[in-house]
Each structure stands twice: as C-alpha cells, then as structure tokens.
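The values are calculated or read from the model by the stated rules, or taken from the named source; none is laboratory data. None of the values given here were measured: they were computed from a predicted structure. Cβ sites come from the backbone with ideal geometry, for glycine too, and all protein chains shown count toward neighbours. Note: accessible area is taken over every heavy atom of the protein model, side chains too, but ligands, DNA and RNA are not part of it. Shrake-Rupley method; radii C 1.70, N 1.55, O 1.52, S 1.80 Å.
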Amino acid sequence: MAKTPTLRPGNTADLIALIDAARGAGTRLDLRGGGSKAGCGAPVDPAATAVDMRGFAGIVDYDPAELVLTVRPGTLLTEVEALLAEHGQMLAFEPFDHGPIHGRAAGDATIGGVIAAGVAGSRRLSRGGARDHLLGFRAVSGRGEAFVAGARVTKNVTGYDLPKLACGSWGRLFALTELDIKTLPRGETALTLALDGLTAPQAVAVMSRAAGSQAGVAAAAHHPETHHPAGGVTALRIEGFAPSVAARCALLERLLADCGAVRVMEPAEAAALWDDLRTLGSLRNMPVLWRVVVPAAHVCRVTAALAPTPARWVMDWAGGLLWVGCTAEGLPPATLRALAAAAGGHADLVRADEALRRACPMRAALPPALAALEARVRRAFDPAGLFETGRFGDD
Amino acid sequence: MLAMPPVDQAVIARRDAIAQALRAIVPDGVIDRPDALRVYESDGLTAYRQPPLLVVLPETTAQVSQILRWCHDQGVKVVPRGSGTSLSGGALPLADAVLLGMARFNRILDIDYHDRIVVTQPGVTNLALTRAVEDRGFYYAPDPSSQIACSIGGNVAENSGGVHCLKYGLTTNNVLGVELVLIDGTVLRLGGRTLEPAGMDLLGVIVGSEGLLGVVTEVTVAILPQPETARAMLIGFPAVEAAGAAVAAIIAAGIIPAGMEMMDKAATHAAEAFVNAGYPLDAEALLIVELDGPQAECDHLIAAVTQITQGHGCTTCRISENEADRLMFWAGRKAAFPAVGRLSPDYYCMDGTIPRRALPHVLTRMAQLSAHYGLGLANVFHAGDGNLHPLIMYDANVPGQLEQAEAFGADILRLCVEVGGVLTGEHGVGVEKRDLMPVMFSAIDLAHQQRIKCAFDPDLLLNPGKVFPVLHRCAELGRVHVHQGQTAFPDLPRF
Ligand SMILES: Cc1cc2nc3c(=O)[nH]c(=O)nc-3n(C[C@H](O)[C@H](O)[C@H](O)COP(=O)(O)OP(=O)(O)OC[C@H]3O[C@@H](n4cnc5c(N)ncnc54)[C@H](O)[C@@H]3O)c2cc1C
C-alpha cells in the first residue's frame, strides 16, 4: 500500500496542477479508482503518490434512447448498473468487480477502473469487450494537458480511435476524467441450458457448435467435473425477448441432442454459476490466479497439460478464456506462460502474493518490436513516465 | 480547394531511379507509364485527382517490408491503396509519393469454423469474405454499400460500417488481429485469434487510422452465423419528427433492429423513380426496419414495431412476406446514391453523425442551407445510430458549383458538431474533412492524436496530407506545449 499521502483531485484544474507539480518534482503518480484491482501487478513503487480518482464522480448525461451514458470515472460500477437497469439497459460487456477475486468485499469498483483495466465478463463472447463500448473520453495526459477523444455518439470515425487504447491502459497513458459509454437494452429474459458430465474437449465442441449456431448464445462456460461441487457442467446462456429465448432454446436442444441431455438450469443454479465466473469463488482457495486468453480451438492443449498438476480451472467465452488457479509451487509461471503461448494465447497474472508479483510481471512479455512500439505510444502521452509506478514491470 | 503538402521536386527528379529500385524488389509490379498511372489518380472522392509518382503492387509481406524500408531510408512518401473506393480521399495520390497498391494480396488464408474466424489478405473484397463462408451458413457482418469492390484492408483503414452495423458493429468490432508493416519495414502482429490482445490495444488504433500508421498485410476477422430469418418493414410517416420519435421509441422498447434506415421525401422519390420498389410517395419520411433471428423472434418484434409506429402516426406499414419483398424494400435504399445521381449531374455525399434527438432541428437547418446555396438535397440516414448521409446535388460544369457544394457540405458538418455529433460516421476524414478537424478538436486534442502518428511514423512519410490539418514535425510536437489552441510554433508551414 502507498506510504505517501493520497491526493484526491476534484476537478480537471486540480488534476492538471497535480500532474504539473509531479512533473516538476519528478514524482510518479499511481492513479486509482476503488482499489478493487490493487492486487494486480507488482507492488507499486512506495515513493509514488497515490491519486484517488473518486473525486471525479457522478452521472453527466444519460439519454437511454441515444444508447449513450456520459459518466465520471470515479462513479461506482454498482451505481452505473443500477441506473441503467432502471431504464431496462445494461453495459453489454458485463463488467465485474475484482474485489471478491482479491478477497475484498464487492462494491468498491469504479467505472473508470473497469474501463482502464478493460474488464469484460461472460457476455464478452457475444457482445464484445469494454473496448467495444467506450465511445469517447476526456482525460489529462502526462503532459498536464486536458484533451478529448472520440465522441458522444455511437458511430464515429473522426480521428484516431483513442478510446480503444484507453481500455486496458491501466492508468498508464492518462488520467480519465469523463467517459462516454455505449449502453444497450437488457434482455427481457434469460435462460441457461446445461449439459452435465462432459469432458473438456466435449464441452469445447458443444460450446463451439452452439456459438456457431443461429441460437445467438450470449455466454458459454464450462466448469470441469473435478472442481465443481455439482459435478462438471457446461452452460449456455440465452437472452432476449421471451418468445425468442424459447425458440433459441428449442433450437439448441435439437442441435445438441447427440451430445447428451440438455436441461434448463434452475434460476438459482444459473445465477450461482454465472456469479462464480465473476467472483471465481470456486478457485477461492488457490493463492495464485491466472487469466489465460487463448483461441478456444486450442484451449484443451492447456487443460490437458494442466491435468497432472494441482492447478484447477474454469472456462468462459466458449473456451476463449481459462481462469487457472494453483499454488505458487504447483505451476511455475514460465510453464503456464509457455503453455498459453504454444496454444496461441497469453496469460495474465491476476492474483498472487507480493513475492510472486514482484518476480513475475502481470502481463507476458511482448515481442521486442511490439514492446518498443507500445513504449513509444506510452511516451506519446506520458513523456516523463509519470504514470509508470513499477506495477507493470516495463518502465 | 485543399492544399496538399509541398511537392518535393528532388524526389520527382529521381523518379526513374526510384522505379528501378522498386523493380528490384517487385520485378513485375511497378507502373510508371503516365497513361497507366492515370488509372490511379483518384479514389471515390472524384473531385480530387493527382497521378502518383509511381505505383508499386507487391505480392508478399516481405516485399511490402522492403519497399517501405527503402522509401523510409530514401525519404520517399508512400500512399497505401486498397480498391480506391474511399469517399474522403484517403487513397488520393501525391505527386511525389509512391502509391502502394494492395490488390495482389487477394487470397483468403484460413477459415476456422470452430472459432468462427477468417484470416485473409487485405486486398480481398468485403463481399468475397462472405462468399467464402456462406455455404457453411456464415457471413462477415460489416457490409458497406461498396462491398462488391472495397477491400478488407481499406475497411480496416476506414473502420467502415454498413446498414447492419447498428446491431453487429463496425469493422473495429469484428476485427481480431492484423499483420502490420511499419514505415521502417518492421513487421508486427497486433491481436490475433484470441478475443483479447496481449498488451495494449494498439489494434484498436490501427482500425480507422486511414493508412497513416502502417500497411496492413493480413487481417483476422470474426464471422457470424447467418440469422435464421430476416424480414423488413417499410413504414411511411407524414412528418420527419414522427419518424424520429418512432425510432427512439423502438430503441427505448429494448429493440435493436438488424438495420433501421430513414429516407426523406426527396430521396424516397428519387429511389422510387429509379427502382420502382413500391415506396409510398406521400410519406415525408420513410423508415426501413429489418428484424432478424429465429422466426418467432421476428414475428414478435414485427408486432412490437408495428404497434410502436402506429402509435406514432405512420401512414403506411408494409411487412415483407418473402425474400423477394425484403430485397425489394432494400433495393431503393441501396440504390439511393445512383438514384439521386440521375436527378442531378453530380452529387456530393456527406457523412456526419448526430445524436438522434437533434434530427428534426438538423433537417430544418439543412433545408434552410439548401435554399441559401440554391442546391438540392436528399437525405438518407442510418436512423438507428444517427449517421446522416445528405446528398448535395450540383453540376460541376457550372463554374463555382463544386465550391458551393463543398461549402454547403462543410456547413452541414459544422452543424453536426454543433448539435453534439461528429464530422464523419464511417467514411473517414481523409483530405475531405481534414481542414474541418479543428471544428471538433482543439489543437491540444489533435496534438495528442498526432503523437500516435509520430510513435508509428516519426518522419511522417505514410499518407501525409490526410486527416491532420497541420502535420507538425514530430521533434517539435514532442517539445511543444500547446495551450488554449495556441501552439508555440504558429508559423509552421500549413499545407
Ligand atoms: C458507392 C460507394 C458506397 C460506399 N458505401 C459505404 C458504406 O456503406 N459504408 C462505409 O463505411 N463506407 C462506404 N464507402 C466508402 C469506402 O468504400 C470504404 O471506405 C472502404 O472501406 C474503402 O476501401 P478501399 O479498399 O476502396 O480503400 P481505398 O479507398 O483504397 O483506401 C482507403 C484508405 O485506406 C488506406 N488503405 C487501404 N488499404 C490499406 C492497407 N492494406 N493498409 C493500410 N492502409 C490501407 C488508404 O491509404 C486510404 O487511406 C462507399 C464508397 C462508395 C464508392
């Protein structure tokens, strides 16, 4: 935790003054929202000054019929979701709160943190990620200059698409002060179909067939037999208007008839299953947690290699996302990273003790030419490296 | 007329030597005969013409890399080109630049039905992608009207959309990865077959970068299963306000149609005269709403949309009974540009986006502008997402009319920004809207964008003269502290 006092700017002028002062003093700045993801990455340089961005809070504008919400980044995710739900809308990328993953209470995550970390949940499979829903923003760069990018309309190609870069930037480019986010109607109903007892390859085949069908599967996940209290279960979530959901479920039941019995999950069981993919409660006892993003077609190369190890996993995004939990000794980081790379993907370290976080960067190393380009892009916004706090090990 | 960057006469003087050097890289792929160069002198923004210094048509990534590295070392500018259908002059050649044509990159490399992905070379046309996967029941969702001709590489560069992007997204939402060659010849992969890239989302910036950051030599896209059914509705309204309110009510009811297009009376009449689609000629505004999905879903949504539009006083409402009907409903909309072209010797297609709630105000103001300039106007409109395509009618043979049409267009785009919208929804900035960028962005905003350009192309050799009204030299931009729209170098050459 930061040892220097936390600063909490309340407006853009304060933020600019703070950044200018840091530039002058050569101090690094650790931008943070609710702190739900503070456990990700290497411990922050204790000399860095923490900047609490929750002073930038509140809804600026929301017109449901325009499908656009303008909000300040310090606003709580729960507040945003409640407002949208009141109007029958949602953040379609299904963001979630990292708090529970790090053993903290839920409810601290801010919308700015969700966007800056690019957090997308199970519906990523069908609706895109955070990056597909950030339309525009206001920010102050490491130059101490306020600027805007993108716009408050859903269709825009004017200038470079900097909002894409903001998602997943982890506060390393600029301090976000306002966000324009695309909202979408929430499905009137949702049903989860389940198949029990499938092996991982069978489950991946089922999820691929379902996702490639006209059923419009919103989300597809698989809990393996050995790690789930209720036994292995493969889940397909269907959302939309009631007649549509009924028709899509019927279609899936026909399509998957040769794969095993297809049952409709009880609402409570379904809610628990999708909730587990947000909180990763079933991997709770695993001190080390990895987020492995791979082509679904090759995910079983990873799970097969994990079988002899004590690692446990759950699969989301039809197999495109594998959460892997283990002990520090059970699975060396280099082994898992090599497995992910061999399967055409990459692994992020999401949870670990301080020693491991110090030793192993959160993100896998990029090829040198790409790393150099990324560094030039970071320097374009932050020439002095003000926002490099050692957390990502690449400054 | 737009000014282009000052021509480097020394490069022009070295033309033969440059041709020779490029022939050493691509022996059968260099065009330097003046008559043959004329084929490339413009793109879809035909008011602007400039034959290139030379054209080179590489076939492999290695050749692209060698060409770019050579041009970089020699300080020669490069303009990438796909199929040349850009409506904003993105592929407009420069007199002292090599035009790098990507037409020979015309192969689809891999189709992966398990993960619903196609890996393709960038010169493949948009429609060819869908053709390659439709037998298996899939398609590539972004469908620009130019899809028979435009290339995937051009789509990536422009972040192109189509009538179905309301529900299925623009190019950026459907591209997973690219192979990119930087101006110094470095070959990189951004993204790939996974749903998230490793590292920062540089791919997101490449899409829509209009050929200024690198040359795309391979593209990985997502494909979707074709919907089980698709049905269209043709709905006429006695007033534009009512049609706009109906669109808002459809979305507020939680319905995102596969497509939702609006045409004003002028466009409806032009289209009807051209294709006889059976459009209601008394309507002030015509909506085409397409719904797709399982049959039961279409039936449900058609009933809901019927009820909503009746509640908003529609005067006609027809529902397609079969595929022939559906295609006929669309035929007029799809032919709207050429249909307007028949009414007027020339037309100029604009592309601003507005918040939908501003539609009645914007249409009224545009009618006033039309009277002011004495030029006719027809409007087609991606109603779901607020993307306007006003078509300005003019006659280039009447001296001054092109300039009038451009001034009218610029006024429309200023109006879009004034009501909270943007200069371009899908056609790109190119040269066309370059000088309007300060209407939407401050000098500070633009400097932050241009520093991205500098991170990729510090010598500003790739497609200069496009997108940025003033292209600062990168070393200066790095030092300059821009304040309140005033740069510390106000006297930098403005082209
Ligand atoms: C009749 C008509 C209808 C149209 N309808 C639509 C529509 O509905 N929606 C829409 O969005 N657009 C539409 N357009 C515009 C145009 O078709 C698109 O912008 C298209 O994506 C351009 O593709 P292209 O291959 O022709 O690219 P070009 O015109 O050749 O080039 C466009 C830009 O891309 C760059 N570029 C091309 N290839 C590469 C590459 N491999 N690497 C790097 N840069 C590259 C060029 O430098 C240039 O800046 C229409 C155009 C016409 C003429």
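Ranked from highest to lowest mean number of other Cβ atoms within 10 Å per residue, what is the order of the peptides A:359-367, B:245-253, B:444-452?
B:444-452, B:245-253, A:359-367
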By accessible area of protein heavy atoms, probe 1.4 Å, what ranking do B:R38, A:R291, A:R284 get, highest first? A:R284, B:R38, A:R291
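Give me the Kirkwood hydrodynamic radius of region B:289-446 in Å, from all C-alpha pairs, to one decimal place? Numbers along the way, then the final one.
Details: mean 1/r = 0.0564 Å⁻¹.
Computed over Cα pairs of region B:289-446, the Kirkwood hydrodynamic radius comes out at 17.7 Å.
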For region A:294-394 the GluC sites (Glu not before Pro) that pass both the DSSP coil test and the at-most-16 other-Cβ-within-10 Å test are A:E329
Over region A:236-336, what relative contact order in percent results from Cα pairs under 8 Å that are six or more residues apart? 23
Go through region B:158-163 residue by residue and turn each phi into a ³J(HN,Hα) via Karplus (6.51, -1.76, 1.60, θ = phi - 60°); whole Hz please, and just put x for glycine and proline. 9, 6, 5, x, x, 5
Please list, ordered by chain and number, the residues whose modelled amide H lies under 5 Å from the amide H of B:A239; skip anything fewer than 5 residues away on the same chain. B:E284, B:A285
Accessible area buried, both sides summed, chains A and B with 1.4 Å probe, Å²: 6600
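To the nearest 20 debye, what charge dipole does the protein assembly as shown have about its Cα centre, counting +1 at the Cβ of each Lys and Arg and -1 at the Cβ of each Asp and Glu?
Using only the charged Cβ atoms, the result is roughly 1600 debye.
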Spit out the partnerless Cys residues in chain B, using Cβ distances under 4.7 Å as the pairing rule. B:C71, B:C150, B:C165, B:C298, B:C314, B:C317, B:C349, B:C416
Sort B:389-395, A:217-223 for me by packing, meaning the mean count of neighbouring Cβ atoms within 10 Å per residue, highest on top. A:217-223, B:389-395
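Counting only other chains, and only Cβ atoms inside 10 Å, what mean value do you get across the residues of A:167-180? Walk me through the intermediate numbers first.
Numbers: counts 4, 6, 2, 1, 0, 1, 2, 1, 0, 0, 0, 0, 0, 0.
Mean number of neighbouring Cβ atoms from other chains: 1.
Suppose R0 equals 51 Å. What FRET efficiency, 1/(1 + (r/R0)^6) with r the Cβ-Cβ distance, do B:L281 and B:R414 give to the nearest 0.05? The partial results should precede the final answer.
Details: r = 32 Å, r/R0 = 0.64.
Given R0 = 51 Å and the Cβ-Cβ separation, E is 0.95.
Is there a pair in A:K37/B:K453; B:K77/B:K433; A:K37/A:K164; A:K37/B:K167; A:K37/A:K155; A:K182/B:K466 whose C-alpha atoms are over 27 Å apart, and which pairs would that be?
The answer is A:K37/B:K453; A:K37/B:K167; A:K37/A:K155; A:K182/B:K466.
Heavy atoms only, probe 1.4 Å: what % of the accessible area of chain B goes to carbon and sulfur, would you let me know? Before the final figure, lay out each step's value.
Details: 9040 of 17030 Å².
The computed percentage sits at 53.
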Just to confirm a number: summing +1 for Lys and Arg and -1 for Asp and Glu over residues other than B:S146 whose beta-carbon lies under 15 angstrom from that of B:S146, what do you get? -2
Checking buried surface per residue: for region A:46-68, which residues lose a minimum of 50 Å² accessible area in the protein assembly relative to the chain alone (1.4 Å probe)? A:A65, A:E66
Rounding to the nearest 10 and keeping the result within 0 to 90°, find how far the Cα-based axis of helix B:295-311 lies from the longest principal axis of chain B. 70
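Relative contact order for chain B using alpha-carbon pairs under 8 Å, separation at least 6, rounded to a whole percent?
Details: 1033 pairs, mean separation 67.4, N = 495.
Taking the mean separation of contacting Cα pairs over the length of chain B, I get 14 percent.
Counting helices only, and only those DSSP H runs with n ≥ 4, report the 222 nm mean residue ellipticity of chain B as the sum of -39,500 (n - 2.57) divided by its residues, in deg cm²/dmol to the nearest 500. Could the numbers behind the result be given before it?
Details: 18 runs with 176 residues, N = 495.
Helix contribution divided over all residues of chain B: -10500 deg cm²/dmol.
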Options A:V68, B:T217, A:V350, ranked by Cα towards positive dipole end of the protein assembly as shown, top entry (Cβ charges): A:V350
Volume of the Cα convex hull of chain A, divided per residue and given in Å³: 136
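Note down the Stokes-Einstein diffusion coefficient of region B:229-337 in µm²/s, whole number, using a Kirkwood radius over alpha carbon pairs, 25 °C, and 0.890 mPa s. Show your work: numbers first, answer last.
Working: Rh = 13.6 Å.
Diffusion coefficient, whole number: 181 µm²/s.
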Rounded to the nearest 10 degrees, the helix A:242-255 long axis (Cα) sits at an angle to the longest Cα principal axis of chain A of 60
For the pair A:A105 and B:Q295, the simple spin-label estimate (label points 7 Å beyond Cα toward Cβ) gives in nm 5.4
Shielding by partners for A:245-253, please: the mean number of other protein chain Cβ atoms within 10 Å of each residue's Cβ. 3
Semi-axis lengths, Å, region B:9-101, gyration tensor of Cα atoms, sqrt of 5 times eigenvalues: 20, 14, 12
Counting only Cα atoms, I'd like the Rg/Rh figure for the protein assembly as shown, Kirkwood definition for Rh. 0.95
Nearest 10 degrees, 0 to 90: helix B:61-74 Cα axis against chain B principal axis: 60
Would you mind checking the radius of gyration and Dmax of region A:280-381 based on alpha-carbon positions, in Å? 14.3, 46
Mind checking the per residue accessible area of region B:229-337 for me, 1.4 Å probe, whole number of Å²? 34
Chain A accessible area per residue, 1.4 Å probe, protein heavy atoms, integer Å², reads 34
If you roll a 1.4 angstrom probe over the protein chains with everything in place, what fraction of the accessible area of region A:17-140 belongs to carbon and sulfur, to the nearest %? 48
Among A:V114, A:L165, A:F147, the residue whose Cα sits farthest towards the positive end of the charge dipole of region A:54-185 (+1 at Cβ of Lys and Arg, -1 at Cβ of Asp and Glu, taken about the Cα centre) is A:L165
Apply the Karplus parameterisation 6.51 cos²θ - 1.76 cosθ + 1.60, with θ equal to phi minus 60°, to every residue of region B:247-253 and state each ³J(HN,Hα) to the nearest whole Hz, in sequence, with x for glycine and proline. 4, 4, 5, 4, 5, 5, 7
Residue mean of other protein chain beta carbons inside 10 Å, B:184-196: 6
Would you be so kind as to identify which of B:A383, B:G236, A:M90 lies farthest towards the positive end of the dipole of the protein assembly as shown, taking Lys and Arg as +1 and Asp and Glu as -1 on Cβ and the Cα centre as origin? A:M90
Name the residue, out of A:E178, A:E266, A:E79, whose mean-square fluctuation peaks in a Gaussian network model built on chain A with Cα pairs under 10 Å. A:E266
Per-bin percent of Cα-Cα distances, region B:358-440 [5 Å]: 3, 14, 27, 26, 21, 8, 2, 0
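When the expected Rg is taken as 2.2 N^0.38 Å, what fraction or multiple of it is the alpha-carbon Rg of region A:54-185? Walk me through the intermediate numbers first.
Numbers: Rg = 13.8 Å, N = 132, 2.2 N^0.38 = 14.1 Å.
So region A:54-185 has a normalised radius of gyration of 0.98.
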For region B:28-37, Karplus couplings with θ = phi - 60° (6.51, -1.76, 1.60), whole Hz, Gly/Pro x: 9, x, 10, 10, 9, 6, x, 5, 6, 5
Packing-wise, with mean Cβ within 10 Å as the measure, how do A:37-50, A:64-77, B:106-119 rank, highest first? A:64-77, A:37-50, B:106-119
Tell me, what is the 1.4 Å probe accessible area of B:V26, in Å² to the nearest 10? 0
How large is log10 of I(q)/I(0) for chain B at q = 0.13 Å⁻¹ when the intensity is taken from the Debye formula with one equal scatterer per alpha-carbon? -1.30
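Please report, in debye to the nearest 20, how large the charge dipole of chain A is about its Cα centre when each Lys and Arg carries +1 at its beta carbon and each Asp and Glu carries -1 there. Intermediate values should be presented prior to the final figure.
On the way: 40 positive and 39 negative charges, 165 e Å.
It works out to roughly 800 debye.
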Say each of B:R365 and B:T306 gets a label point 7 Å from the Cα, pointing the same way as Cα to Cβ; how far apart are those two points in nm? 3.9
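Determine the sum of side-chain charges near B:D325: Lys and Arg each +1, Asp and Glu each -1, restricted to other residues whose C-beta is under 13 angstrom from that of B:D325.
My count for the surroundings of B:D325 gives 0.
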